[in-house]
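The values are calculated or read from the model by the stated rules, or taken from the named source; none is laboratory data. Owing to the predicted nature of the structure, the values given are computational and were not obtained by experimental measurement. Here Cβ is always computed from backbone atoms with ideal geometry, including for glycine, and neighbour counts include all displayed protein chains. Surface areas here come from the heavy atoms of the whole protein model, side chains and all, with no ligands, DNA or RNA. Shrake-Rupley method; radii C 1.70, N 1.55, O 1.52, S 1.80 Å.
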Amino acid sequence: TNNGGWTQWYNRDSPGGSGDWEDITSLRNEYPGEICESPLAIECQTIDGINYFLTGQNVTCNVNDGFYCLNSNNPLGCLDYRVRFYCGNNVSQMNCTDSDGGKDYYVKGMVKSGDDAMTDFCYDNNTVAEHFCTNNGGEATNYKCANGCLEGVCLKEKQLQGYLEIATIKSKYKTEKQ
């Protein structure tokens, strides 16, 4: 059993049928003795290396269940994912740091966990993907910003509308000058 770091990447299923199942029970059955009894963290990403939270898909990724994506919860179907688990004596071995100190939606931060570095970014004009450290390492959550999102932070006031108006005026000015 692995008790000293990250396991190999596992990809036991493809997204056909009901979805993509990289669940911990099935993985333990197919790879006996390779995954520790109580993993401290899990990483879930597409087989192309894109973190699950960047895909916009509705999935489950946690150390208790492993990973699964149901096609019925994703209109275009699930992508093909892989997982790995962190096994060790303590979480401090992972050295997770967050430059903005946690869930601060108004400061653009970077989380470093193990070999990974993840920067906060705007998922869309109203949602920030906020990275933070937990006992399981680096994680992310999507947060709806009341006043919009720009360059990886929630706006404290309705600045986005003004920003868009300035961009529109500049664009019109360039067009008129040409």
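Taking θ as phi - 60° and the Karplus parameters 6.51, -1.76 and 1.60, the scalar couplings of region 38-54 work out to 10, x, 8, 7, 9, 10, 10, 8, 5, 5, 8, x, 8, 4, 4, 6, 8 Hz in sequence order, x denoting glycine and proline.
Put simply, the amide H of Gly148, placed in the peptide plane, has neighbours under 5 Å in Leu155, leaving out anything fewer than 5 places away on its chain. Taking amide H as placed 1.01 Å from N in the peptide plane, the amide H of Cys36 sits under 5 Å from that of Asn2, each at least 5 places away or on another chain.
Remark: region 76-88, residue by residue, has Karplus-estimated 3J(HN,Hα) of 9, x, 7, 7, 8, 10, 9, 9, 8, 10, 9, 10, x Hz, where x stands for each Gly or Pro and the curve is 6.51 cos²θ - 1.76 cosθ + 1.60 at θ = phi - 60°. A simple spin-label model places the labels of Asp124 and Ile50 1.6 nm from each other, with each point 7 Å out along Cα-to-Cβ.
Partner aspartates and glutamates whose Cα lies under 15 Å from the Cα of Lys103, excluding those fewer than 8 positions away in the same chain, are identified as Asp120, Glu130, Glu139.
Accessible area per residue for region 1-125, computed on protein heavy atoms with a 1.4 Å probe, is 52 Å². Each residue of region 118-130 is assigned a 3J(HN,Hα), and the resulting list reads 10, 10, 4, 8, 7, 6, 8, 5, 10, 9, 9, 8, 9 Hz, derived from the Karplus form 6.51 cos²θ - 1.76 cosθ + 1.60 (θ = phi - 60°), x at Gly and Pro. Distant-in-sequence amide contacts of Ile42, defined by a placed amide H-H separation under 5 Å and a gap of 5 or more residues or a different chain, comprise Tyr86.
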